[in-house]
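K.L.:
One structure, as structure tokens, below. Some questions next.
Values in this text are rule-based calculations from the coordinates and carry no lab data. Source: prediction; values computed, not measured.
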Amino acid sequence: HTGDHISVGDEILPYAGPTPPRSTGNHRYCLYVFKQSGGYDSALSQLTYARPKFNTNTFLQQHATSLQLAAANVFYANHDH
């Protein structure tokens, strides 16, 4: 199973760590890992870093037939002074 080894996978977007603005309190960040059925979906390469406007529900509806949730993590971060 070549999909079992992250070291040989294709990186679509590199990780972008949390960047909450100053004096805005805690921000919730959600990380999801999906297993792709049917191989690489070229539509995923069109993703951008528009995190503030990214709609997870819309993304999941658009890719519901090819993605299966494998793991999730939620954490809070705020701007360090």
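K.L.:
I need the phi-derived Karplus couplings for region 13-30: 6.51 cos²θ - 1.76 cosθ + 1.60, θ = phi - 60°, integer Hz, Gly and Pro marked x.
P.N.:
Working through the residues one at a time gives 9, x, 4, 10, x, x, 9, x, x, 4, 6, 10, x, 6, 10, 8, 10, 10 Hz.
K.L.:
In nm, what is the difference between 0.36 nm times the number of residues separating ALA43 and SER66 and their Cα-Cα distance?
P.N.:
Values: separation 23, 0.36 × 23 = 8.28 nm, distance 1.11 nm.
Length gained between ALA43 and SER66: 7.2 nm.
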